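The next block holds one structure in the form of structure tokens; read it before the comments.
Nothing in this text is a laboratory measurement; each read-out follows from the coordinates by a stated rule. Everything quoted here is computed from the prediction, not taken from an experiment. When we count neighbours, we look across all protein chains shown, and the Cβ atoms used for this are built from the backbone with ideal geometry, even at glycine.
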Amino acid sequence: MDGKGTLYMIPCPIGEGGDPYDVLPLHNREVIRSLDYFVVENARTARRFLSRAGIGKPIAELEMAELNEHTPPQEVEGLLEPLLEGRDGGMISEAGVPGVADPGADLAALCHRHGIRVVPLVGPSSILLALMASGLNGQSFAFNGYLPVKPPERARAIRHYERRALAEGQSQIFIEAPYRNAKLLDELFAVCQPETRLTVAADLLEPGEYVRTATVREWKAAPRPQINKRPAIFILGK
């Protein structure tokens with residue numbers, strides 16, 4: 001790795017309120033201030049985060065490249081050029097930790113192929129935060145990303161993950177687009193067995209944070225949580 005830069009995987013807060021260092025170690029600020037090249041999921045939100053994080057130099061002087069679902073695969077390799085030339089760089093997601101449920105994983109994989117050191121920094125992951133608070137199995141778990149959009153396929157996926165949770169005791173974690181949260185909750189209530197445990201975690205680390213684990217039977221007997229249009233994590237467990 002001699003002569004090559006280092007890629008730092010830089011977490012950012014899940015929400016936009018408060019001081020970033022309420023949830024990030026101060027060491028992260030030292031790393032951020034040492035960099036002037038960033039690969040980011042969204043340039044606008046990354047600039048806002050770096051400004052709040054106290055980067056200590058004009059944002060306009062930073063070199064910033066986007067890496068997201070719209071980036072053509074053939075352009076990803078070019079993002080390594082500054083690192084191959086010996087400059088350090090930072091990867092920033094739109095929220096949370098880069099490389100987890102995030103296109104930053106593609107850049108990290110390329111770094112490993114080219115012998116570039118990848119350094120993860122400490123920060124909040126909504127996936128792990130939800131699992132931590134759930135009371136479900138934290139020894140064996142799987143993050144499954146988004147469920148299928150079409151109702152028949154989504155119902156099959158829910159049954160598949162529920163079977164794994166009940167048969168193997170493995171917590172099954174997934175997410176949904178916030179505007180479809182209420183619809184997904186209705187489908188979970190309709191498809192899952194009454195004694196299956198379900199965790200719903202919304203707006204983690206925000207003032208309106210909500211986390212509850214209960215059986216499907218208990219969920220159906222209680223008032224529905226108001227989670228529509230709120231970032232949420234869902235976990236099925238035994």
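Worth pointing out:
- One way to sum up the overall shape of the chain is the equivalent ellipsoid from its Cα gyration tensor, whose semi-axes run 37, 19, 15 Å, largest first.
- Theoretical FRET efficiency, 1/(1+(r/R0)^6), r = Cβ-Cβ of residue 59 and residue 168, R0 41 Å, to 0.05: 0.30
- Inter-probe distance in nm under a simple model that places probes 7 Å from Cα toward Cβ, at residue 209 and residue 193: 3.2 nm
- Relative contact order computed over the stretch 137-238 (Cα-Cα under 8 Å; 6+ residues apart), in percent: 34 percent
- Short to long, the 10 Å bins of the Cα pair-distance histogram for the stretch 144-216 hold 18, 54, 25, 3 percent of all pairs.
- For residue 176, distant residues with modelled amide H under 5 Å away: 232
- Whole-Å distance, taken between Cα centres, linking the stretch 77-129 and the stretch 132-162: 26 Å
- Whole-Hz ³J(HN,Hα) from phi, Karplus 6.51 cos²θ - 1.76 cosθ + 1.60, for the stretch 184-201, glycine and proline x: 5, 4, 4, 5, 4, 5, 6, 8, 6, 5, x, 8, 5, 8, 10, 9, 10, 10
- Pairs of lysines in the chain (C-alpha under 24 Å apart; 8 or more residues apart or interchain): 9
- Ordering of 166-173, 116-123 by packing [mean C-beta count within 10 Å, highest first]: 166-173, 116-123
- The residues neighbouring residue 214, those whose beta-carbon lies less than 10 Å from its own, together hold a net charge of +3 under the Lys/Arg +1, Asp/Glu -1 convention.
- Only DSSP H runs of four or more residues enter the estimate; each adds -39500 (n - 2.57), and after division by the residues of the chain the mean residue ellipticity at 222 nm equals -9500 deg cm²/dmol.
- Hydrodynamic estimate: the Kirkwood radius of the stretch 1-125 over Cα pairs, inserted into Stokes-Einstein at 10 °C and 1.306 mPa s, corresponds to D of 111 µm²/s.
- Packing-based order for 216-223, 187-194, using average beta carbon neighbours within 10 Å, highest first: 187-194, 216-223
- Distant-in-sequence amide H partners of residue 87 (H built 1.01 Å from N, under 5 Å): 5
- Label positions at residue 119 and residue 217, each projected 7 Å from the Cα along the C-beta direction, are separated by 5.3 nm.
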